[in-house]
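K.L.:
My questions all concern the structure below.
All of the numbers you see were taken from the coordinates with simple rules; none came from a lab. Computed from a prediction, not measured in an experiment: that's the story for all the values here. Don't worry about glycine lacking a Cβ; one is built from the backbone with ideal geometry, like all the others, and counts go over all protein chains shown.
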Amino acid sequence: MVITADRPEIAGTANLLTRARAGESSAFCRLAAEHEGRLLQQACGLARDPNAAEDLVSETLVEAWRSLSRYNGTCRLSTWLFSILLHRHQKALRRARSRPIPLAALASAEADERRQAQENLPATGLSPAEEAMRREAANTLREAVVALPEKHQQVILLRFFEDASLPEIAALLGCSVGTVKSRLHYALEKLREAQQGLNLSELRGDIGL
């Protein structure tokens, strides 16, 4: 499946892509500006740290500019960008796991994350007890997603948090649609085991993506 330019806004994007591929940096900057906000939201959900999220988005856009010739239109540009973001995030996690973290720094980071979560907590109209239960469910889901093998994390995040179609995911990951379905089935079973009554579409916002 190749994304076509049937609507004016898509045609405009296609024109910008053509110019960007030809080396016109201003055209790529306009493309990046259209997607930067969504990328930052996604990065915050993954990194759980605003500064790290901003760095992640910057790295993603730099890599996208350098590898723009490899974007072949088999998925939406937003999906392609998210796949780069996800790859860089997982790469950063692997590097972080290989380095020891001082206990004092870990405690400080956890306290900062809790404080920031409380400060940014939206007004939901829920009672304190209901809000605590919602946060607990969201944390359980996040932990379950993070615990998945990378290849299964990828299909979950692309499918439910980027709304990528199965053919788009297959094109991005270089595998068949059948393989994507198999990985998705495995991942969903693991997530359901971790949390009864799992509804990814409802909890998408709760875990920050």
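K.L.:
Could you check the spin-label model distance between ASP163 and GLU63? Points 7 Å from the Cα along Cα→Cβ, value in nm.
P.N.:
Distance between label points: 2.4 nm.
K.L.:
To continue, here is another question. Which whole-Hz couplings ³J(HN,Hα) result when phi for each residue of the range 34-49 is put into the Karplus expression 6.51 cos²θ - 1.76 cosθ + 1.60, θ = phi - 60°, listed in order with x for Gly and Pro?
P.N.:
Here the 3J(HN,Hα) series is 5, 10, 4, x, 5, 4, 5, 4, 5, 5, 5, x, 7, 7, 6, 8 Hz.
K.L.:
Let me ask you something else. At a 10 angstrom cut-off on C-beta neighbours, averaged per residue, how do the peptides 25-32, 89-96 rank from highest to lowest? Provide the component values of the computation, followed by the final result.
P.N.:
On the way: 25-32: 15.8, 89-96: 13.5.
Going from most to least packed, we get 25-32, 89-96.
K.L.:
Can you work out the FRET efficiency for the pair LYS91 and ASN139, with r the C-beta to C-beta distance and R0 = 25 Å, to the nearest 0.05? Don't skip to the answer; put the middle values down first.
P.N.:
Details: r = 24 Å, r/R0 = 0.97.
Efficiency computed from Cβ-Cβ geometry: 0.55.
K.L.:
Right, something else. Report, please, the projected area of the range 38-80 averaged over directions, based on the convex hull of its C-alpha atoms, in nm². Numbers along the way, then the final one.
P.N.:
Numbers: hull surface 11.9 nm².
Projected area, direction-averaged: 3.0 nm².
K.L.:
How much length is gained if the chain between ARG19 and ARG70 is pulled fully straight, taking 0.36 nm per residue apart and subtracting their Cα-Cα distance, in nm to one decimal?
P.N.:
Numbers: separation 51, 0.36 × 51 = 18.36 nm, distance 1.47 nm.
Length gained between ARG19 and ARG70: 16.9 nm.
K.L.:
In nm, give the distance between the simple-model label positions of GLU54 and CYS29, each being 7 Å from the Cα along the Cα-to-Cβ direction.
P.N.:
The modelled label-to-label distance comes out at 1.9 nm.
K.L.:
For the peptides 47-55, 180-188, what is the packing order when you average, over each peptide's residues, the other Cβ atoms within 10 Å and list the highest mean first?
P.N.:
Highest-to-lowest ranking by the protection proxy: 180-188, 47-55.
K.L.:
Another question, then. Once both labels are modelled 7 Å past Cα along the beta-carbon direction, what's the VAL146-LYS190 spacing in nm?
P.N.:
1.5
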